[in-house]
Amino acid sequence: MDRSIPGGDLIGRWSLSFADIDFVNSKPALTRLGLAAQLKFFASLGFFAIDPGSIPTDGLSYLAEQLGVEAGEIAGYDFSSRTARRHCAEILIHLGYHRMKRVDRAQLTEWIAGELCPGGQSINAMLEHVFLWCRDRRIYGPSRKELERVVRSQRQDYLDTWLIGASDRLSSDAVALLEASLADPDSSTGFNRMKGDAGQATLDNILDVTEKLAFIQRLDLPHDLLTATGKPWVDQIVRRVAGEKASEMRRHAPARQLGLYAIYLMSREAQLTDAMIDLLIETVHKIGTRSKRKVVGDIAKDIERVYGKERLLVEIASASINEPSGRICDVIFPIAGKAKLAAIVKESHAKGALDRRIYKVMRGSWANHYRRMLPSLLSVLEFRSNNAVWRPVLAALDWIRSKVDGGCRFVPLQDVPIDEVIPARWRSSVIDDDGRVNRISYELCVLTGSVAKIVKLEHAWRRLDGRNDDGFQVAPFPG
């Protein structure tokens, strides 16, 4: 235990009153320091010390100073002797304590169940509160072991009641889905798969996470149960379920089994939502970096093919001066052939439209591969914000969600949110010469540009938990 005491507590709790000094001085000199230590220890914590090591060093020194003795004299006091036990009984009388009665025990049990159990504290932390409860009411309770049995019993009763309550609130469809998940743990929404990590940012992993989220949302779980009890209870159940096999889960009583799994999935939903956002950010980064790498690599190849352009320019200029009336095929092509001149033109165009080329490669990657995740992604996630700055982005997402099953490739410009959504450098790639919006390019721009930029900002996205703030929030989509 921590054997140091803050200064204020030292004086307030370990000072001997005149009555205390008279009580201590009525005993033999060799036992006075031990008696005083037990007196103040019990008055402070509500139970007696079992050995000298339990007494805080600061408190012991302060008591010795008040009694005018050396702190080392405590070594001569036997805390387990008959004299020490008699001293404990006399301390109870001196402090006005009484033995715990049946009515006191009933009140204590009710208080533990109603006040301590919902918080989910550890056994030792609850015992400390129990001793203080007894101390404040001048009650001397039974032994620590007996009080610990009471605390453990009430904790178990609370947990069983909570789990049964969670099970009772599940719909028949939810019960059937949970039982099927436990019966076939390796299926796509089986128990083992639901506990698996999201993995790396790949399309298959994104679709896997969206399937898990959709499964949890179909259950329509009573999330208010998580706010009605302490977080330590939820953490304890999550750790327990995460460490059990499906066969071990099936050994529990049906109500307990369903309650454990339901509460685990309520917490798991938040984890999967966070994992989905991480995968989205990583995927967007991957699309951008791979596209840029490919474009830059192509430009590097172009530059390699037309190495020595300054020398070619000098030779072409000299030939043109020497034969100003000659034909290009006779004067220029012998120095730099058609293919080499075309490569120089291509390089020049590439340097002037790097962003456009990168976007074109990104669009191809999105349209041919990653776009398959869009319906699943928008079906399980909902984006919200109280900040007017992000309203155009939310409007763009709502528009994309409304058109996700549509087959139109181009839409009129006036029907689509553009301002503060599409950057100026990308508008020529999204809007064609006829003033129409390319839906696939628009989706790519919104998800990889506006949304990805926002959710990467520190504290700008979080799982929606009822707080009224101005951040950009990402929540499981209400099923």
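The values are calculated or read from the model by the stated rules, or taken from the named source; none is laboratory data. These numbers were taken from a predicted model, which means no experiment stands behind them. Cβ coordinates were reconstructed from backbone atoms using ideal geometry, including for glycine residues, and neighbour counts include every protein chain displayed.
Observations, loosely collected:
- Any chance Ile50 is assigned to a helix (DSSP H, G or I) and out of contact with any strand residue (DSSP E or B) (no Cβ under 6 Å at 6 or more places or on another chain): no
- Considering only residues in segment 82-103 that are touching a residue at least 24 places away in the same chain (Cβ under 8 Å), farther than 19 Å from Ile50 by Cβ and not hydrophobic (A, V, I, L, M, F, W, C), the one that is surrounded by the fewest Cβ atoms within 10 Å (Cβ to Cβ) turns out to be Gly96.
- The sole residue among Phe79, Phe23, Phe47 that is at pLDDT below 90 and crowded, with 16+ Cβ neighbours inside 10 Å is Phe47.
- Residues of segment 379-398 satisfying the condition of being aliphatic (A, V, I, L, M) and modelled with pLDDT under 80: Leu381, Ala388, Val389
- Considered as a group, the residues in segment 378-392 that are of a type outside the set (Gly, Ala, Ser) and in contact with a Leu (Cβ under 7 Å, 6 or more places away or on another chain) include one that is farthest from Asn205 (Cα to Cα), and that residue is Arg384.
- Ala43 being within 24 Å of Ser143 (Cα to Cα) and in contact (Cβ under 8 Å) with a residue 60 or more places away in the chain: yes
- Residues satisfying the stated conditions in segment 138-150, i.e. part of a helix (DSSP H, G or I) and of a type outside the set (Asp, Glu): Arg144, Lys145, Leu147, Arg149, Val150
- Scan of segment 168-185 for residues that are over 20 Å from Trp233 (Cβ atoms) and assigned to a helix (DSSP H, G or I), ordered by number: Ser172, Asp173, Ala174, Val175, Ala176, Leu177, Glu179, Ala180, Ser181, Leu182, Ala183
- For segment 328-433, no helices (runs of 4 or more DSSP H) sit wholly inside it while including 3 or more residues that are in contact (Cβ under 8 Å) with a residue 40 or more places away in the chain, surrounded by fewer than 16 Cβ atoms within 10 Å (Cβ to Cβ) and in contact with a strand residue (DSSP E or B) (Cβ under 7 Å, 6 or more places away or on another chain).
A quick yes/no check of all residues on (1) under 25 Å from the mean Cα position of the chain (by Cα); (2) over 30 Å from Thr109 (Cα atoms); (3) part of a loop (DSSP other than H, G, I, E, B):
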site: Arg152; (1), (2), (3): no, no, no
site: Leu159; (1), (2), (3): yes, no, no
site: Ala166; (1), (2), (3): yes, no, no
site: Gly199; (1), (2), (3): yes, yes, yes
site: Leu207; (1), (2), (3): yes, yes, no
site: Lys212; (1), (2), (3): yes, yes, no
site: Ile216; (1), (2), (3): yes, yes, no
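- Filter result for Ser188 (more than 21 Å from the chain's Cα centre (by Cα) and assigned to a loop (DSSP other than H, G, I, E, B)): yes
Rundown of residues vs (1) assigned by TED's automatic domain parsing to the domain that holds Val175; (2) free of Cβ contacts under 8 Å to residues at least 60 places away in the same chain; (3) more than 30 Å from Leu280 (Cα to Cα), yes/no style:
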site	(1), (2), (3)
Leu203	yes, no, no
Pro222	yes, yes, no
Leu225	yes, no, no
Ala228	yes, no, yes
Val238	yes, yes, no
Ala242	yes, yes, no
Ala255	yes, no, yes
Gly259	yes, no, yes
Ile263	yes, no, no
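- One residue stands out in segment 218-238 among those that are at pLDDT 85 or above and assigned to a loop (DSSP other than H, G, I, E, B): the one that is nearest to Gly120 (Cα to Cα), namely Gly230.
- The set of residues in segment 62-113 that are of a type in the set (Val, Ile, Thr) and touching a Leu at 6+ places or on another chain (Cβ under 6 Å) comprises Val69, Ile74, Ile91.
- For segment 252-272, a tally of residues being hydroxyl-bearing (Ser, Thr, Tyr) and either surrounded by fewer than 23 Cβ atoms within 10 Å (Cβ to Cβ) or in contact with a Cys (Cβ under 8 Å, 6 or more places away or on another chain) (or both) returns 2.
- Residue in segment 104-127 that is modelled with pLDDT under 90, hydroxyl-bearing (Ser, Thr, Tyr) and surrounded by 13 or more Cβ atoms within 10 Å (Cβ to Cβ) present: no
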